[in-house]
Amino acid sequence: MPKKIIFSLYLVLVIGAVVVYWSKIGEPNIKQPIQFNHLKHKEVADCETCHKYIKEQAFASLPVKEDCAACHESPITDSPEEKKLLDFIEKGKNISWARLYELPPHVYFSHKRHVTIGDLECKSCHGYMADQQSPPKKPLVALMMDDCIACHRSAGIKTDCIACHR
Ligand code: HEC
Ligand code: HEC
Ligand code: HEC
Ligand code: HEC
Ligand code: HEC
């Protein structure tokens with residue numbers, strides 16, 4: 001009898017922990033190592049300065065500290081966030097930006113294809129990223145399968161499953 005009670009209590013605890021864990025996952029709260037301001041860089045650099053491969057590769061890429069050091073070798077503002085950046089550069093530490101958009105591995109997506117051949121603007125998929133004054137905690141636009149297919153339909157592009165799933 002007591003054994004059964006102990007077992008049930010144990011089960012309740014385990015299920016409770018799993019529920020809490022899942023509810024935390026569902027809540028996007030992406031944190032970045034530096035409060036980067038896209039808007040302040042809009043006039044001084046194009047997207048390609050920091051997202052170097054948008055026109056050449058499937059992936060866009062996030063900037064490395066050397067990309068920032070091109071302009072931030074020494075302080076140009078009195079922002080504490082810039083101090084953090086200079087610290088990364090001085091110590092030779094990599095800045096690990098968290099990903100905002102990331103498809104599951106079974107989906108194939110190419111920036112080169114959409115940006116060059118498709119001639120699409122970044123904002124048609126990423127919203128007003130260029131005007132953000134601090135890093136968003138979740139994607140500005142949730143890009144789900146239905147959104148990909150809706151645009152493909154209206155543009156007359158293939159919507160076979162294997163066009164996107166490999
Ligand atoms: C092409 C030059 C250039 C590059 C490359 C560049 N910056 Fe800047 N950055 C600037 C200028 C200019 C300012 C000052 C903008 C202002 O105050 O209006 C600035 C300001 C800042 C600030 C202070 C802004 C604030 O919130 O007050 C931070 C932090 C910063 N940059 C981070 C970065 C990071 C991180 C990178 C690399 C991912 C980077 N910058 C790359 C030119 C650049
Ligand atoms: C000076 C460097 C710099 C420039 C220029 C820049 N970005 Fe970024 N971008 C970053 C950094 C740093 C992050 C990660 C932090 C954040 O979310 O703000 C980022 C994140 C992003 C992301 C989210 C990527 C992901 O999934 O994690 C998108 C989308 C993006 N930028 C679009 C743009 C567009 C569009 C432009 C041009 C209008 C642009 N960026 C110009 C530095 C830059
Ligand atoms: C047709 C929709 C679409 C367009 C247009 C688009 N992106 Fe993306 N972007 C995505 C998707 C989807 C992902 C996630 C890709 C993945 O996980 O493989 C992504 C990811 C990113 C990332 C994260 C890092 C990486 O290497 O994947 C950055 C940065 C980014 N995009 C910047 C840009 C910029 C800058 C432009 C404009 C030049 C742009 N994107 C245009 C859909 C788009
Ligand atoms: C705003 C419109 C738009 C959105 C959103 C969009 N696409 Fe596309 N896609 C295009 C266009 C336009 C082309 C055609 C480019 C070309 O001619 O190769 C294309 C082509 C493709 C191709 C090549 C198809 C072929 O013929 O082999 C793949 C794969 C693809 N997209 C995947 C995706 C995925 C995955 C997403 C969602 C994450 C997505 N696309 C979202 C407009 C879009
Ligand atoms: C234009 C691109 C595109 C096409 C065409 C497409 N998918 Fe997807 N699919 C995606 C993307 C992007 C995701 C990941 C985002 C999401 O879950 O919505 C996805 C996710 C999925 C998932 C996983 C859903 C989940 O909850 O994890 C399944 C299953 C799937 N697709 C089946 C299909 C089938 C079957 C077809 C053909 C009838 C198809 N897809 C056609 C882009 C596409």
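The values are calculated or read from the model by the stated rules, or taken from the named source; none is laboratory data. Nothing here was measured: the structure is a model prediction, and the numbers come from that model. Cβ: placed from backbone, ideal geometry, glycine included. Neighbour counts: every protein chain shown. Heavy atoms of the whole protein, side chains included, go into the accessibility calculation; ligands, DNA and RNA do not. Shrake-Rupley method; radii C 1.70, N 1.55, O 1.52, S 1.80 Å.
Restricted to the stretch 79-107, and to residues that are assigned to a loop (DSSP other than H, G, I, E, B) and among the basic types (Lys, Arg), which residue is farthest from Leu143 (Cα to Cα)? Don't jump to the end; show me each part of the working.
Let us first name the residues in the stretch 79-107 that are assigned to a loop (DSSP other than H, G, I, E, B), namely 79, 92-106.
Keeping just the survivors that are among the basic types (Lys, Arg) gives 93, 99.
Working: Lys93: 32, Arg99: 14 Å.
Among them, the one singled out is Lys93.
Got at least one residue in the stretch 62-78 being within 8 Å of ligand 3 (Cβ to nearest atom), modelled with pLDDT of 95 or more and either in a loop (DSSP other than H, G, I, E, B) or touching a Leu at 6+ places or on another chain (Cβ under 6 Å) (or both)?
yes
Here are some conditions: (1) under 18 Å from Pro33 (Cα atoms); (2) away from ligand 3 (no atom under 13 Å from the Cβ); (3) open to solvent by 90 Å² or more (accessible area, probe 1.4 Å); (4) not aliphatic (A, V, I, L, M). Arg153 meets all but one. Which one does it not meet?
Here Arg153 meets the rest and fails (1).
Taking only pairs six or more apart or across chains, which ones have beta-carbon atoms under 7 Å, a first residue in the stretch 55-70 that is under 20 Å from Ile34 (Cα atoms), and a second residue that is part of a helix (DSSP H, G or I) and within 16 Å of ligand 5 (Cβ to nearest atom)?
Ala60/His111
What are the residues in the stretch 129-144 that are within 14 Å of the chain's Cα centre (by Cα) and more than 23 Å from Ile157 (Cβ to Cβ), if any?
Listed by number, the residues that qualify are Met129, Ala130, Gln132, Ser134, Pro135, Pro136, Lys137, Lys138, Leu140.
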